[in-house]
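Below is one structure, written out as C-alpha cells; comments come after it.
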Amino acid sequence: MLSSLSLRILATSDLHANLHPYNYYTDQPQNRGGLVRAGGVIASLRRAAENCLLVDNGDTLQGTPLGDFAAQSQCTNGRPHPMVAAMNALNYDAMALGNHDFNYGLEFLQSALAGASFPAVLANIKRVDGESFVPPWVILDRDMQDMSGRSRRLRIGVIGLAPPQTLMWDRYLLEGKLEAEDILTAARREIGAVREAGTDLVILLSHSGLGPTEEHPQMENAVVPLAQLDGVDAVIAGHTHELFPAPHNAAAPDWLDPNAGTIHGTPVVQPGAEGSHLGVIDLTLSEIDRDCWRVSNARGQLIRIAPPTVGADSTCKVPEIESCPDVIRATAEDHIATLGFIRRRVGETLVPLETYFALLANSAAVQVIADAQRDFAGQILRGHKFAHLPLLSAAAPFKAGGRGGPVNYTDIPKGPLAIKNAADLYVYPNMVAILKATGAQVRDWLERAACAFHQIRPDEPQQPLIDHRFAGYNFDVLDGLTYAIDVTVPARYSADGEEEYETPGRIRDLRHNGQLVTEDQEFLVVTNSYRASGGGHFTAPADAEQIWLERLSVRDVLVRYFTTYDRLSAVTNPTWHFADAGGIRAIAEIGPGALAYPDRIKEFGLEYLGAAETGFARFAITL
C-alpha cells in the first residue's frame, strides 16, 4: 500500500555570530534573537513534528565581536568555533556558506568547519583547479516515519549556493585561490547530479535573496528564478536580511503566494537576520510508486524569535521562548572570553559618537573613522609617487537604521573607549585600501551614496526622506570634499544599487579646497577592501586604480588611532549637506534613541512628530 509522510524543515540564515542574548557593543544583555534563544524554539518545533531537518543558510561565523574574537583565537585555543559548537549541540543536518563566512580567509574557514559534526555545502564557488572547496551537495539518508507509523528511508539532497560576487568582495583574500560560477548555471547542473544520484527530495540552501524576476548572468539575488527550476522541492533564501513570507501591501503577482509561502509553487523561506526568525517549511510527501515520493503539499512560514519592536509585523507568531541549555553549556566559555576581549580600554572620546543623524548631517561617528583612515594612509603614502595628490577618506555609518530597524544605530557616550566601541563603529573585518580615482569617479561614487533618499517633490505632504531599503553602510561620505545632495531630483541608482538610471544625478557643487572638482582631476581615496572591489554596487571605486592594499583591518587602524591619540574630540568637517529645496518639509524616520540628543535635534531644525508604526521616531525636516 502506498503511503505518505510529513517532513518539517527548520532553517536559520544570516545568524552573523549572534549566539547569546547579549549585545557586545553596549555590553548589556538583550532580549532579542540569537541561536541560544532560537535553540529553544527549534527543540519545541522538533517535538511537534514526526520528521524534521535543521539547516543553516550561511553568513554564520562573522558579525559580532564574538565572531571576531573567535577568528583571532581559533588557531591557538584548540576550541571549536562557538557558532559551530552551538550548531553541533543543536544537531544541525547541514549548512551552506555565505559570503561573509569567507571574511577571515580560507585557513580560518577550513579550521572552523573542521569542528562541525554536520556537512557544509557550496556548489558555485570552487578552488581554481576545479576541485571543490566544500562539497557542492550532500545526500542525507534519513529514516522517516510515514503516516501509518512505518519507518521509511528518505534520501534528501541539499545543495549550497552563494553570490558569485563573494570573490569580488573578498578579492584580497580569495583571488587566485577560488573561482565563482553563476548561481543558476551551477544549480541546474547540481540538481541534475543530485537527482541522478537517486534522491527523493532536493533542497536549495541559497545564500541569495529575492531579487529580479527574470534570470540574468551572475545574479546576486536569484531566488525567484531558482524557485522555477525543475527538480527543486524547497528553497531557503538569505543574504539580504529580509523576510519571506511576509505581508505584501500591493497585490502579489500570480507566481508569489505570501500566505502559503511559495514562489512559483515552490515553498521558500527567508528568516531575516541575527536569529530574528526561524524558517519553517512543512512538506507532505506522497508515495507515487514503491519508495518513490513526490511533494503533494507544501507551506512555508516564519516563527519570530526576537520580540517585535513597536509596530512590527504581528502576523508572525511570537512563542514563549526558553533559551537552550545545551547551547549555553557548549559556548559559555566563549561568551566569557569575548567579554574580556571587548572590555579592553583603548582610548577616550570627548564627544558622543552616535549615528542617529548620520543620514541627515555630518556625523562625529563617521568623522572619527575618516580621520583614522586618513592618519594611517598619510603614514603609508610618505615618499609614494602619488603622495602629491589630494587625499580623501571614505567612511560610512555602518549602523543607521534601514533594514536593521529602529535599534540599528551606534550610540557611544563620551568617556572611555574600548574594543567594543571600535567594533560598534566598524562592524565588518574589511581591510584598508587606497585608490587613485578621477573626479568623474568620485562624483559617481557619491551618486551611489546619494540614493539613500527618496525623491522629494514640491507640494506633496508627509514625504519620507530616508529610504529604509538602503543599507546605511553604503552611505559613503568622502571627507576632504564639500558637496550638496539634491533630493528633489531622481537618484541615479536604485536603493540596492542593482539598477542605474539615466538622470542628471543629485550631487551639486562638488569642491575640493573651495575649487570645483573637474572630471579628470585626480585624488587618492582611502577606503575599505569591500568598497574597493565594488561592494555595494559601487562601480566607481571598482574602476579606480588600486595603489595599496594589505591584510590590515580598518578596525585595527581605528583601535591604533584611539590608542595613539587617546583623547578624541572628533571635530566634524562640513563635508556634505542637503541642497536648498525651497523650504519643502519632509519626514525623516530615525531611531528613537535620537530623542536623547535634544541639542542635535535643535541644531538640525528637526520637529518631533511622534513614533511611527515601524518603531522609528518621525521628525519633520525643512529642506
Check: For Leu609 and Glu196, what does the FRET efficiency come to when R0 = 60 Å and r is the distance between their Cβ atoms, rounded to the nearest 0.05?
Finding: 0.50
Notebook entry, point to check: In terms of modelled amide H atoms, which long-range or inter-chain residues lie less than 5 Å from the amide H of Gly34?
Noted result: Gly275, Ser276
Check: For Leu167, what is the net charge nearby, where nearby means another residue's Cβ is under 11 Å from its Cβ and Lys, Arg count +1, Asp, Glu -1?
Finding: -1
Next item on the list: For region 402-471 and region 235-267, compute the distance between their C-alpha centroids and round to whole Å.
Entry: 28
Notebook entry, point to check: Assigning unit charges at the beta carbon (Lys, Arg +1; Asp, Glu -1) and nothing else, what dipole magnitude in debye, to the nearest 20, does region 100-196 show about its Cα centre?
Noted result: 480
Next item on the list: Excluding Arg153 itself, calculate the net charge of residues whose Cβ lies under 13 Å from the Cβ of Arg153, where each Lys or Arg counts +1 and each Asp or Glu counts -1.
Entry: -1
Next item on the list: Return one number: the angle in degrees, 0 to 90 and rounded to the nearest 10, between the long axis of the Cα atoms of helix 35-47 and the longest principal axis of the Cα atoms of the chain.
Entry: 20
Note to self: Straight-line reach only, C-alpha to C-alpha below 22 angstrom: list the lysines that Lys126 could link to, leaving out same-chain residues fewer than 8 apart.
What the structure shows: Lys177
Notebook entry, point to check: To the nearest 20 debye, what is the magnitude of the charge dipole of region 530-617 about its Cα centre, counting +1 on the Cβ of each Lys and Arg and -1 on the Cβ of each Asp and Glu?
Noted result: 240
Next item on the list: Averaging sequence separations of C-alpha pairs under 8 Å and six or more residues apart, then dividing by the length of the chain, give the relative contact order as a whole percent.
Entry: 14
Item checked: For Arg195, net neighbour charge (Lys/Arg +1, Asp/Glu -1) across residues whose Cβ lies under 14 Å away -> -1
Item checked: Options Ser206, Ala187, Leu256, ranked by Cα towards positive dipole end of region 175-317, top entry (Cβ charges) -> Leu256
Item checked: Amide H partners (placed H, <5 Å) of Arg492, local residues excluded -> Arg506
Checklist line | Solvent-accessible area per residue, Å², over region 356-487 with all protein chains present [probe radius 1.4 Å] | finding: 30
Notebook entry, point to check: How high is the FRET efficiency from Asp509 to Arg127, r the C-beta distance, R0 45 Å, rounded to 0.05?
Noted result: 0.35
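More than 14 Å apart: what percent of Cα pairs in region 546-623 qualify?
Here the long-distance tail beyond 14 Å is 75 percent of all Cα pairs in region 546-623.
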Notebook entry, point to check: Using 0.36 nm per residue, how much length does the chain from Ala620 to Arg469 gain when fully extended, once their Cα-Cα distance is taken away?
Noted result: 52.4 nm
Next item on the list: Determine the percent antiparallel among the DSSP beta bridges restricted to the chain, to the nearest 5.
Entry: 70
Note to self: Loop-only GluC sites (Glu not before Pro) in region 200-268, please: DSSP not H, G, I, E or B, and at most 11 other Cβ atoms within 10 Å.
What the structure shows: Glu214
Notebook entry, point to check: Relative contact order for region 1-150 using alpha-carbon pairs under 8 Å, separation at least 6, rounded to a whole percent?
Noted result: 25
Notebook entry, point to check: Across the chain, where is the longest run that never hits trypsin sites (Lys or Arg not before Pro) in a DSSP loop with at most 15 other C-beta atoms within 10 Å?
Noted result: 470-623
Note to self: Using amide H atoms built in the peptide plane, which far-off residues or other-chain residues are under 5 Å from Phe578 H to H?
What the structure shows: Ile485
Checklist line | Residue-span extension gain [Asp254 to Ile380] - 0.36 nm each, minus C-alpha spacing | finding: 39.7 nm
Notebook entry, point to check: Using a cut-off of 28 Å between alpha-carbon atoms, which lysines can reach Lys385, once sequence neighbours fewer than 8 places away in the same chain are excluded?
Noted result: Lys436
Notebook entry, point to check: How many nm separate the modelled label positions at Thr26 and Ala387, each set 7 Å beyond the Cα in the direction of the Cβ?
Noted result: 4.6
Item checked: Accessible carbon and sulfur surface of the chain relative to its total accessible area, %, 1.4 Å -> 48
Notebook entry, point to check: In sequence order, what are the phi-derived ³J(HN,Hα) couplings for region 331-339 according to the Karplus relation 6.51 cos²θ - 1.76 cosθ + 1.60 with θ = phi - 60°, rounded to whole Hz, with x for glycine and proline?
Noted result: 10, 4, 5, 5, 4, 5, 5, 5, 4
Check: Under the definition of Cα pairs under 8 Å and six or more residues apart, what whole-number percent is the relative contact order of region 425-542?
Finding: 39
Item checked: Computed magnitude of the charge dipole of region 186-283 (debye, nearest 20; Cβ of K, R +1, Cβ of D, E -1) -> 100
Check: What nm value, rounded to one decimal, do you get for the distance between Gln546 and Gln72 when each label is placed 7 Å out toward the C-beta?
Finding: 2.6
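Counting only heavy atoms of the protein chains, get the accessible area per residue of region 143-264 (1.4 Å probe) and round it to a whole Å² value.
On a per-residue basis, 40 Å².
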Notebook entry, point to check: Each residue of region 406-422 in order: what ³J(HN,Hα) in whole Hz does its phi give by Karplus 6.51 cos²θ - 1.76 cosθ + 1.60, θ = phi - 60°, with x for Gly and Pro?
Noted result: x, 9, 8, 9, 8, 8, 9, x, 5, x, x, 10, 10, 3, 4, 6, 4
Next item on the list: In nm, give the distance between the simple-model label positions of Ser296 and Val489, each being 7 Å from the Cα along the Cα-to-Cβ direction.
Entry: 6.2
Checklist line | Separation of alpha-carbon centers, region 568-610 and region 148-162, rounded to whole Å | finding: 54
Item checked: Karplus 3J(HN,Hα) series, Hz, for region 17-24 with 6.51 cos²θ - 1.76 cosθ + 1.60 (x for Gly, Pro) -> 6, 8, 10, 7, x, 9, 9, 6
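The values are calculated or read from the model by the stated rules, or taken from the named source; none is laboratory data. In this text the structure is predicted, and so the values were computed from the model without any measurement. We place every Cβ from the backbone using ideal geometry, glycine too, and count neighbours over all the protein chains shown. These accessible areas exclude ligands, DNA and RNA; they are computed on the full protein's heavy atoms, side chains included. Shrake-Rupley method; radii C 1.70, N 1.55, O 1.52, S 1.80 Å.
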